[in-house]
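Colleague: Below: one structure in structure tokens.
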Amino acid sequence: MTRYILSRALQALLVLWGAFTLSFVLLQVMPGDAVLIKFQDPELGLSPQQISDIRASYGADESAFVQYAHVLGRTLAGQLGYSIETGVPVSRMLHAAYPTTLRLAVVSFGGAIMLAAGFATAALLAPLRPLRAALRLVPGLASGIPVFWLEIVAIQLVSFHWKLVPVVGVSGWTAVLLPGLALAIPISAPLTQVFLSAAERVMAQPFIDVLRARGASPLRILYAHVLPNALPPTLTISGLVFGEILAGAVVTETVFGLDGLGQLAQQAVANQDVAVLQAIILISVAGFVVINFTVDALHPLIDPRIRRTQAGGAA
Amino acid sequence: MNTALAQWRHRHDVTLPRLLGVLPVLLLVLVALCPGLFTPLDPLAGQTDERLMAPSATHWFGTDQFGRDVFSRIMHGSFSTLSAAVLAVAISLLVAIPLGLAAGLGGRRLSGAILAGADMVLAIPELFLSLSIITLIGPGATHVAFAVGISQVAGFTRMIRTEVVRVRATEYVEAAFGIGSTFWQVVWRHVVPNSLAPALSLATLRLGTAILAISTICFLGYGPSPPTPEWGLMITEGRNYLATAWWLTTFPGLAIIFSAWAATLLSRAIRMDP
Amino acid sequence: MNAASPQLSIRDLDVVYESRGSAHHALKGVSLEVRAGEMLALVGESGSGKSTLGRAILGLLPESARIQRGSIMVGDTEIVGLPERALRRIRGARVALIPQDPAHSLDPVRTIGAQLVEAVHLHEPRGNTATTRRMLVGLLERVGIKEPERRLHQYPHELSGGMRQRVLIAAAIAQRPALIVADEPTSALDVSVQVQIMALLAELRHEMGTAMLFITHDLGLASEQADRVAVLQHGTLCETGETKALFANPRTPYTRRLLADLPLFHEARAPRRTEGPREDAIVVSHLTYAYKGAGGRPGHKAVRDISFNVVAGQTHGIVGESGSGKTTLLRCLLGLITPDSGSVHILGENPARVEGAAQRALRRAVQFVYQNPHVSFDPRCRAADILAEPLINAGLHDRGARTERIRTMLERVQLPPAVLERRAANMSGGQSQRLAIARALLCDPKILILDEVVSALDVSVQAEILTLLETLQHQLNLTYVFVSHDLAVVRRIADTVSIIRAGEQVEHGPTETVFSTPHDDYTKRLLAAIPGRDLMRPAVLA
């Protein structure tokens, strides 16, 4: 058991390191010179000497490998560097931006879970087969709707037309209510799809028939037997869902004008502010890795069969 | 002739729902290749006296702030999005098929290395990955296609590898070795067709995902620049008239949804298993 | 309710499956009765509608099925047309099900105790868990489970197949139902376990006076266990009667054919003359193999010190229950794994040593036929492609010559040429097993390894395939290794036999010697456990 946890933790660290390296290669080595691009602009009126000083201060003069070692070293020490655009420490920018995104994530994740649960129940228990088949198609169709469009329509209808939730001049939880709920729809689609196909596999098993033959009601079978069996495969995509929420935040915060990590990322891309972009990518990878590790560690608690294989494997 | 057709239909299991599933994509292809067939109006030239007009018999989807016909812009814009999506999926398949086959057929070390690499890439959300690539190579229609294509490689590789491993473990592959087929004969006759068929059906499904990803990036402003008609970009531009001209954002969005759904239908139609 | 009144009474039952406008009549005018304390065996081949009948009684027909007419009375309650809520009160309380496959009939992620408590509380909503668990301990003891307190805390995967079936029986009898539907309750279990389970069911039936509908494909088992037998063919009840009378004097042609096709244990095959030099096609000596590493538990599926020879042109039977090491033994014969010690020689060669072209030649000479032929064919290939593959491998690239050989082979295995255009998925079990044999024979093999090839087939098809195998052996001078758990089948086809138990060969020798004068206790027990062992072919058929 301990060995299993340790090997999973090692794997998680490896993925984190790999993703860090990949984002470094993409963002900092190959264009090489975000600094040059930025400060070369003749309008800034900087002399070549000043530019090369600035380059040195960002470490852009060094070879790619030395830069990599430097960035990896300071990242491990918890230093995320400075924004090329504003010169502000990246960590300070993140600190200012994360509460909005966290609230957005909470609303959209909570909304997605409720939506997925309600919808899955309906799709599994609906009375007629054609109706169930039709409901089964909905998550696939929902994932074909672009988030930004959905959110724009939501603003037009909910905010402008029905005047239910204001979107201008709001802050705190009110500000993330509409965007969070809109984002919940595309987030819930993959959750529902994975859960439904897992649930259908479970429901095709003989023990479900045996339960029905004992007089158990469909609702009871769903919650007491199908749910615990279908949960583990659904949980395996939670890491992915986290990434989807962060990516969704980029679009959502742009549409609603919220100052969160997504907005930060969007501006970083626009300004080629690689230090900020890399920090946000690192956050999303770290979240993915931590969530996946937690799910892996919890899996044996949910499924007793895994407990035995691991005990056997470790012996 | 009739019986030959019937035989062909039977062998390929051509049914009415399947044929219907192909229709929306055929329509899209036609629109993308010959938008002129569907609208006589110029997507770029605007009529200054016809600015921000609501949908009517002359302008089905209304006009924008320059008096350009939105319907015509959507028709002409389809080529940009659809060709970029096809290009993106083609790029990812081109890279992922050899990688996935190698990971499925190769030894423990090769397959382990490919999978570890794929897992690292998969840890980064696709949008962040394609935005990073855009930061590297700069914006533009083709660049967006390339970025979206590359960011889908890891997922495809894993998918193909899973299929290859599944097929390799079947009894019919064991049986093929049993009747004296060599490794490469088995790979070519049984493993490749049986593992790539579901992978290709999923690739079609990913066409829809690519359409969404591309229009998202164009919406964020890294695609083609104005005045090019592009669905995502049209929505960005239309955002300034949210309260007054709903048609500027609604119709391009519906076009994106229609295309994504068409891809989903196509993937269901070509799926081989019953 | 007095003992003679029927607990189950079905009148003129018609069940139709409807899909896309086409209707399939699964049951046509079926009428039967089961009385308290009585066991009625419902016997039929696959597709006869016997499972549909079982589901109809529980009110669990799939949505596509419709009861067109007729009545199902459980005690004095009409099941047909009863609303779902009322049905739920009857299921489990007055009618219980003992399912077919104990391995998948318990929820894998909940403990035995939780599932049994649930089964009880479904009908006693105000039940007290502690009281129920105390009651369950007694119940588990009653169905023959040792250490019942410990079992309540275990998960299904920690129990053997036989024990799981006992748990399912306990759940079924917990509410003392008036009627039990047992749907092939032992078909997934080994024969020695089957005997124990059937004995338990008989005991419980007599003790509690429960009526039992026993659904089975196994005529032998039915002849031993049932008070009365009902034979179902294509949805129609073709014969019902007292067991003894029905087996002694079957009235309808269908029942007669079933009995004629049934392999009977005490009918030995005619001893075959062996002419010419006796040459050994397979020599296995002191073969030992153990799975190592994290995956296989040590000792599991291993084989130890197995020796036998198979004379060319003869059939060697291998008999063993699940987990006995049969599959490991076969993998050694095929050269897929290398024995730890001892040796295997096939046609004079060691299959684990040969490589490259010689290995492929040996592989072609030793052909393997699977238990479930459907999964041994590429689902994308038509029969024509499947049969062409071994010929192309052998270098026969001329299309005309291939077609000619395939045509001759189809005649040999008695398949119509029309199957060439079909995929295996669209063939019947018998047809696809013939196709598998044809593919094997197109490799020009000397030896066929037949792994439970008739186990999944109905008796009539089984008899046809066995006859075909015998004819082919005679015509082509083939050597067979025939693996089966069915001793009656082995006795019919095998010249020599090995009995394997837990990786060890407890007995081997000429089939007649082993079966008529067994030395080993295990062999004796196996022989005693054969269902319908004492069944005699009725005089009318002799």
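Colleague: Just to check your reading of the model, which residue among A:299, A:225 is more than 21 Å from the chain's Cα centre (by Cα) and over 19 Å from residue A:108 (Cα atoms)?
Modeller: A:225
Colleague: Could you pull out the residue among C:519, C:508 that is open to solvent by 40 Å² or more (accessible area, probe 1.4 Å) and under 23 Å from residue C:313 (Cβ atoms)?
Modeller: After ruling out the rest, the residue left standing is C:508.
Colleague: Still on this model: Would you mind listing the helices (runs of 4 or more DSSP H) fully within the range B:69-141 where at least 2 residues are under 20 Å from residue A:288 (Cβ atoms)? Can you show your working first?
Modeller: Details: elements: B:70-105, B:108-122, B:126-137.
Counting at least 2 such residues, we get B:108-122, B:126-137.
Colleague: Right, something else. Is it fair to say residue A:245 is in contact (Cβ under 8 Å) with a residue 12 or more places away in the chain and within 19 Å of the chain's Cα centre (by Cα)?
Modeller: So residue A:245 passes the test.
Colleague: For the range C:145-227, give me every one of the helices (runs of 4 or more DSSP H) that falls completely inside it and has 1 or more residues that are within 30 Å of residue C:461 (Cβ to Cβ) and either touching a residue at least 40 places away in the same chain (Cβ under 8 Å) or open to solvent by less than 10 Å² (accessible area, probe 1.4 Å) (or both). Reasoning before the result, please.
Modeller: Numbers: elements: C:148-152, C:161-173, C:191-208, C:219-225.
Because the criterion is at least 1 residues that are within 30 Å of residue C:461 (Cβ to Cβ) and either touching a residue at least 40 places away in the same chain (Cβ under 8 Å) or open to solvent by less than 10 Å² (accessible area, probe 1.4 Å) (or both), the helices (runs of 4 or more DSSP H) in the range C:145-227 that meet it are C:161-173, C:191-208, C:219-225.
Colleague: Can you give me the ranges of the helices (runs of 4 or more DSSP H) entirely in the range B:179-274 with at least 2 residues that are modelled with pLDDT under 90?
Modeller: B:192-220, B:231-238, B:247-270
Colleague: Also, I was wondering about something else. Tell me the residue from B:216, B:209 that is facing another protein chain (nearest Cβ under 7 Å) and more than 24 Å from residue C:395 (Cα to Cα), please.
Modeller: Only one candidate passes the filter, namely B:216.
Colleague: Where in the range A:158-223 are the helices (runs of 4 or more DSSP H), entirely inside, with at least 1 residues that are without any contact (Cβ under 8 Å) to a residue 40 or more places away in the chain and more than 23 Å from residue C:52 (Cβ to Cβ)? Please lay out each step first, then the result.
Modeller: Numbers: elements: A:172-203, A:206-213, A:218-221.
Ranges flagged: A:172-203, A:218-221.
Colleague: Out of the residues in the range B:127-177 meeting the condition of being open to solvent by 30 Å² or more (accessible area, probe 1.4 Å), closer than 18 Å to residue B:86 by Cα and aliphatic (A, V, I, L, M), tell me which one is farthest from the other protein chains (Cβ to nearest Cβ).
Modeller: Here the answer is B:141.
Colleague: Still on this structure: Being touching a residue at least 60 places away in the same chain (Cβ under 8 Å), in contact with a Ser or Thr (Cβ under 8 Å, 6 or more places away or on another chain), over 19 Å from residue C:204 (Cβ atoms) and surrounded by 15 or more Cβ atoms within 10 Å (Cβ to Cβ), is that true of even one residue in the range C:31-38?
Modeller: Within the range C:31-38 (the criterion being touching a residue at least 60 places away in the same chain (Cβ under 8 Å), in contact with a Ser or Thr (Cβ under 8 Å, 6 or more places away or on another chain), over 19 Å from residue C:204 (Cβ atoms) and surrounded by 15 or more Cβ atoms within 10 Å (Cβ to Cβ)), the answer is yes, since at least one residue qualifies.
Yes/no matrix, rows are residues, columns are (1) within 16 Å of the chain's Cα centre (by Cα); (2) within 8 Å of chain A (Cβ to nearest Cβ); (3) touching a residue at least 12 places away in the same chain (Cβ under 8 Å); (4) within 15 Å of residue A:145 (Cα to Cα):
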residue	(1), (2), (3), (4)
B:228	no, no, yes, no
B:235	no, yes, yes, yes
B:242	no, yes, no, no
B:246	no, yes, no, no
B:251	no, no, yes, yes
B:257	yes, yes, no, yes
B:266	yes, no, yes, no
B:270	yes, no, yes, no
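Colleague: Inspect all residues belonging to the range C:15-36 and state whether any of them is among the small types (Gly, Ala, Ser) and within 22 Å of residue C:198 (Cα to Cα).
Modeller: So far as the range C:15-36 goes, yes, one or more of its residues are among the small types (Gly, Ala, Ser) and within 22 Å of residue C:198 (Cα to Cα).
Yes/no matrix, rows are residues, columns are (1) open to solvent by less than 40 Å² (accessible area, probe 1.4 Å); (2) of a type outside the set (Val, Ile, Thr):
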site	(1), (2)
B:196	yes, yes
B:210	yes, yes
B:224	yes, yes
B:239	no, yes
B:242	yes, yes
B:249	yes, no
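Colleague: What residue, of C:78, C:84, C:45, C:38, is touching a His at 6+ places or on another chain (Cβ under 7 Å) and either more than 12 Å from chain A (Cβ to nearest Cβ) or farther than 18 Å from residue C:6 by Cβ (or both)?
Modeller: Within the list C:78, C:84, C:45, C:38, the selection yields C:45.
Here's the yes/no breakdown for (1) over 30 Å from residue C:256 (Cα atoms); (2) touching a helix residue (DSSP H, G or I) at 6+ places or on another chain (Cβ under 7 Å):
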| residue | (1), (2) |
| --- | --- |
| C:473 | no, no |
| C:498 | yes, no |
| C:506 | yes, yes |
| C:526 | no, yes |
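Colleague: Which one of A:230, A:247, A:279 is under 17 Å from residue A:189 (Cα atoms), open to solvent by less than 30 Å² (accessible area, probe 1.4 Å), in contact with a Gly (Cβ under 9 Å, 6 or more places away or on another chain) and assigned to a helix (DSSP H, G or I)? Talk me through it step by step, then tell me what you get.
Modeller: On the way: A:230 fails: in contact with a Gly (Cβ under 9 Å, 6 or more places away or on another chain); A:279 fails: under 17 Å from residue A:189 (Cα atoms).
Going through A:230, A:247, A:279 in turn, the sole match is A:247.
Colleague: Just to confirm my filter: which strands (runs of 3 or more DSSP E) fall fully inside the range C:430-538 and include at least 3 residues that are without any contact (Cβ under 8 Å) to a residue 24 or more places away in the chain?
Modeller: Here the list reads C:504-510.
Colleague: Okay, next question. Report whether or not residue B:113 is open to solvent by less than 10 Å² (accessible area, probe 1.4 Å), more than 10 Å from chain A (Cβ to nearest Cβ) and more than 29 Å from residue B:28 (Cα to Cα).
Modeller: Here the answer is no, as residue B:113 does not meet what is asked.
Colleague: Which residue, of A:112, A:105, A:122, is of a type in the set (A, V, I, L, M), within 22 Å of residue A:217 (Cβ to Cβ) and in contact (Cβ under 8 Å) with a residue 12 or more places away in the chain?
Modeller: On inspection, the qualifying residue turns out to be A:122.
Colleague: Additional query: Could you please find all residues in the range A:175-203 being open to solvent by 20 Å² or more (accessible area, probe 1.4 Å), touching a Gly at 6+ places or on another chain (Cβ under 7 Å) and farther than 19 Å from residue B:206 by Cα?
Modeller: A:181
Colleague: Right, next: Considering only the range A:142-154, I want to know if a residue exists there that is farther than 27 Å from residue A:266 by Cα, within 14 Å of chain B (Cβ to nearest Cβ), modelled with pLDDT under 90 and open to solvent by 30 Å² or more (accessible area, probe 1.4 Å).
Modeller: Among the residues of the range A:142-154, not one is farther than 27 Å from residue A:266 by Cα, within 14 Å of chain B (Cβ to nearest Cβ), modelled with pLDDT under 90 and open to solvent by 30 Å² or more (accessible area, probe 1.4 Å), which makes the answer no.
Colleague: Hey, another quick one. Determine which single condition residue A:80 fails, assuming it passes every other condition in (1) open to solvent by 80 Å² or more (accessible area, probe 1.4 Å); (2) modelled with pLDDT under 85.
Modeller: (1)
Colleague: Select, from A:60, A:19, A:9, A:56, the only residue that is assigned to a helix (DSSP H, G or I), over 30 Å from residue A:293 (Cα atoms), modelled with pLDDT of 60 or more and open to solvent by less than 90 Å² (accessible area, probe 1.4 Å).
Modeller: A:56
The values are calculated or read from the model by the stated rules, or taken from the named source; none is laboratory data. Here the structure is a predicted model, which is why all the values come from computation and not from measurement. Counting neighbours? That spans all protein chains shown, and the Cβs are built from the backbone with ideal geometry, glycine included. Accessible surface is based on the protein model in full, side chains and every heavy atom, while ligands, DNA and RNA are left aside. Shrake-Rupley method; radii C 1.70, N 1.55, O 1.52, S 1.80 Å.
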